[in-house]
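All remarks here apply to the structure that follows.
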Amino acid sequence: MNILILENKPDSEQDRVLRQKAKAIKDINSEIRQLALAMVDTMHRDRGVGLAGPQVGQLKRIFVTHAEGDESRVFINPSIIWTSQNEINYEEGCLSLPGLWADIKRPESIKIQAWNEKGRAFTLEASGILARVIQHEYDHLEGILFIDRVNEVKREKLLVKLEKRAARPEKRKKAADFGMGAG
Ligand SMILES: [Zn+2]
């Protein structure tokens, strides 16, 4: 699968998809199972720790994760039902924003409800890296990118860097690796 890269251009179709709110999945059927598997393969191929539907052009409420030391997980129609008061800073990157990194503050622990690719409902309590990746991917379903969570000055600097990199594709090496991979 191709991963959409933010172009930061007003008429960019990729930007439009990355910025749109994803829609709930009505039927967890074989097509959705195949999509989930293809997303896990793409995430591993690009050494990411997470990937969301909009990043592969699917405006569906699905994301996959593979945090370090954890297993691959599929989240369909997820809802974050609790977040800790305690927040921590952590450096994030994103496969749709290659080469950009920034410290982002988010709740340290969360509780999420979702369905897996077999159509089974589950509730998961997560903290640390997994909680971080889940919140980053959940944002993608809302059309939010991590650069939206830094201040205006920092965001402008990051977008200039993104445009410079886009102008020199030969320099763009496989993104990944924020701490332990981009999402
Ligand atoms: Zn991302």
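The values are calculated or read from the model by the stated rules, or taken from the named source; none is laboratory data. All figures in this text were calculated on a predicted structure; none of them were measured in a lab. Glycine gets a Cβ as well: all are built from the backbone with ideal geometry, and neighbour counts include every protein chain shown. Surface areas here come from the heavy atoms of the whole protein model, side chains and all, with no ligands, DNA or RNA. Shrake-Rupley method; radii C 1.70, N 1.55, O 1.52, S 1.80 Å.
Applying the selection to segment 58-67, what residues are under 17 Å from Arg45 (Cα atoms) and either open to solvent by 10 Å² or more (accessible area, probe 1.4 Å) or assigned to a loop (DSSP other than H, G, I, E, B) (or both)?
So the first thing to find is which residues in segment 58-67 are under 17 Å from Arg45 (Cα atoms), and the list is 63-67.
Correct list: His66, Ala67.
How many residues does segment 6-20 hold that are open to solvent by 20 Å² or more (accessible area, probe 1.4 Å) and under 13 Å from the mean Cα position of the chain (by Cα)?
So the answer is 1.
Can you pull out the residues in segment 21-30 that are surrounded by fewer than 16 Cβ atoms within 10 Å (Cβ to Cβ) and assigned to a loop (DSSP other than H, G, I, E, B)? Don't jump to the end; show me each part of the working.
Initial filter on segment 21-30 (surrounded by fewer than 16 Cβ atoms within 10 Å (Cβ to Cβ)): 21, 23-24, 26-27, 29-30.
Listed by number, the residues that qualify are Lys21, Ala24, Lys26, Asp27, Asn29.
Could you tell me whether Val133 is more than 12 Å from the chain's Cα centre (by Cα) and not acidic (Asp, Glu)?
Values: more than 12 Å from the chain's Cα centre (by Cα): no; not acidic (Asp, Glu): yes.
Spelling it out, it is not the case that Val133 is more than 12 Å from the chain's Cα centre (by Cα) and not acidic (Asp, Glu).
Within segment 78-95, count every residue that is among the acidic types (Asp, Glu), open to solvent by 80 Å² or more (accessible area, probe 1.4 Å) and out of contact with any Pro (no Cβ under 7 Å at 6 or more places or on another chain).
At the first step, the residues of segment 78-95 found to be among the acidic types (Asp, Glu) are 87, 91-92.
Those left that are additionally open to solvent by 80 Å² or more (accessible area, probe 1.4 Å): 87, 91.
Add one more test, that the residue is out of contact with any Pro (no Cβ under 7 Å at 6 or more places or on another chain), and what stays is 91.
Residues that pass the stated criteria total 1.
Is it the case that Ser84 is in contact (Cβ under 8 Å) with a residue 12 or more places away in the chain, within 15 Å of Ile134 (Cβ to Cβ) and of a type in the set (S, T, N, Q)? It would help to see each step written out before you state the result.
Working: in contact (Cβ under 8 Å) with a residue 12 or more places away in the chain: yes; within 15 Å of Ile134 (Cβ to Cβ): yes; of a type in the set (S, T, N, Q): yes.
It is true that Ser84 is in contact (Cβ under 8 Å) with a residue 12 or more places away in the chain, within 15 Å of Ile134 (Cβ to Cβ) and of a type in the set (S, T, N, Q).
So which residues in segment 133-183 are of a type in the set (A, V, I, L, M, F, W, C), open to solvent by less than 90 Å² (accessible area, probe 1.4 Å) and at pLDDT 85 or above, if there are any at all? Spell out the reasoning first.
Step one: list which residues in segment 133-183 are of a type in the set (A, V, I, L, M, F, W, C), which gives 133-134, 141, 144-147, 150, 153, 158-160, 162, 166-167, 175-176, 178, 180, 182.
Filter once more, so that each one left must be open to solvent by less than 90 Å² (accessible area, probe 1.4 Å): 133-134, 141, 144-147, 150, 158-160, 162, 166-167, 175-176, 178, 180, 182.
Hits for segment 133-183 are Val133, Ile134, Leu141, Ile144, Leu145, Phe146, Ile147, Val150, Leu158, Leu159, Val160, Leu162.
Does Glu71 fit the bill of being among the charged types (D, E, K, R) and modelled with pLDDT of 95 or more?
Values: among the charged types (D, E, K, R): yes; modelled with pLDDT of 95 or more: yes.
The answer is yes for Glu71.
Can you find a residue that is within 13 Å of the ligand (Cβ to nearest atom), crowded, with 18+ Cβ neighbours inside 10 Å and modelled with pLDDT of 95 or more anywhere in segment 110-125?
No, every residue in segment 110-125 fails to be within 13 Å of the ligand (Cβ to nearest atom), crowded, with 18+ Cβ neighbours inside 10 Å and modelled with pLDDT of 95 or more.
Is it the case, given these coordinates, that Phe146 is within 14 Å of the ligand (Cβ to nearest atom) and free of Cβ contacts under 8 Å to residues at least 60 places away in the same chain?
Working: within 14 Å of the ligand (Cβ to nearest atom): yes; free of Cβ contacts under 8 Å to residues at least 60 places away in the same chain: yes.
Yes, satisfied.
In the list Arg33, Arg47, which residue meets the criterion of being surrounded by fewer than 21 Cβ atoms within 10 Å (Cβ to Cβ), among the basic types (Lys, Arg) and within 16 Å of the ligand (Cβ to nearest atom)? If you could, list the steps in order and put the result at the bottom.
Details: Arg33 fails: within 16 Å of the ligand (Cβ to nearest atom).
When all the criteria are applied, what remains is Arg47.
Taking Met1 as meeting all but one of (1) out of contact with any strand residue (DSSP E or B) (no Cβ under 6 Å at 6 or more places or on another chain); (2) within 22 Å of Val150 (Cα to Cα); (3) surrounded by 14 or more Cβ atoms within 10 Å (Cβ to Cβ), write down the number of the exception.
That leaves (2) as the condition not met.
Can you find even one residue in segment 94-108 that is at pLDDT 95 or above, of a type in the set (S, T, N, Q) and more than 16 Å from the ligand (Cβ to nearest atom)?
No, the conditions are met nowhere in segment 94-108.
Conditions first: (1) open to solvent by 20 Å² or more (accessible area, probe 1.4 Å); (2) assigned to a loop (DSSP other than H, G, I, E, B); (3) under 22 Å from Asn151 (Cβ atoms). Asp70 passes all but one, so which condition is the exception?
Here Asp70 clears every test but (3).
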